[in-house]
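The values are calculated or read from the model by the stated rules, or taken from the named source; none is laboratory data. Everything numeric in this text was worked out from a predicted model, so none of it was measured. Heads up, the Cβs are rebuilt from the backbone with ideal geometry, glycines too, and the neighbour counts pull from every protein chain shown.
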Amino acid sequence: MTQEMALDTVIRQRIRGLRLARGWSLDNLAARCRLSPSTLSRIETGRRRIALDQLVPIAKALDTTLDALVESADDGDVVIRPQPENSPGLTTWLLSGERALNGKTVAKMRITPQRLAGLGELGVHPGRDWFTVLSGTARLQLGDRTILVQTGDAAEFSTMVPHSIGAHGGPVEILTIFDHDGEHAHRHTPGVL
């Protein structure tokens, strides 16, 4: 099967899957995209070639984009094999791929008390940060406040407040989500977390 035929099949499956997920019959979707139910049926079953002028109204009717409908079905990048990035007292594993959802970066971090010696000023940047503690206790310095975040708890805060995350009483592992500004500040500014 050629790549073009494989993608054609995936597009047909996406159209049918999105239609069924909405609980729509062929008649319902056909009315929304101004195609006949028989034409839509032939598109879904592969008995009719898919034309671009048909895909645009179908995508719109299904409340998706043309890009999402025709996106490659290559699943070679499903498994992410993160490589550790080390600095004194901090190891970071990026868990999101290059095409991360809505520009978010997901990372696992292991912070040790050794990191305290390397901390300078508290970081400030636009956006919000979120993390959950996988093991240990995190020490969140948020302005003048020190907040201890235990295993299983999560924290979310404005990053316009001066902040840092450290370990309390031993190593801590966290799972964190940064927006674009947070990813840039935390990954590209030495000493900031």
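Points to keep in mind about this one:
- Hits in segment 27-61 (condition: within 32 Å of the chain's Cα centre (by Cα) and surrounded by 16 or more Cβ atoms within 10 Å (Cβ to Cβ)): 29, 32, 33, 43, 44, 50, 54, 55, 58, 59, 61
- Unmet requirement for residue 107, which otherwise passes all of (1) at pLDDT below 85; (2) in contact with a strand residue (DSSP E or B) (Cβ under 6 Å, 6 or more places away or on another chain); (3) among the small types (Gly, Ala, Ser): (1)
- Members of segment 156-193 found to be within 18 Å of the chain's Cα centre (by Cα) and modelled with pLDDT of 90 or more, listed by number: 156, 174, 175, 176
- Residue in segment 1-26 that is nearest to residue 69 (Cα to Cα), counting only those that are surrounded by 12 or more Cβ atoms within 10 Å (Cβ to Cβ) and of a type in the set (Val, Ile, Thr): 11
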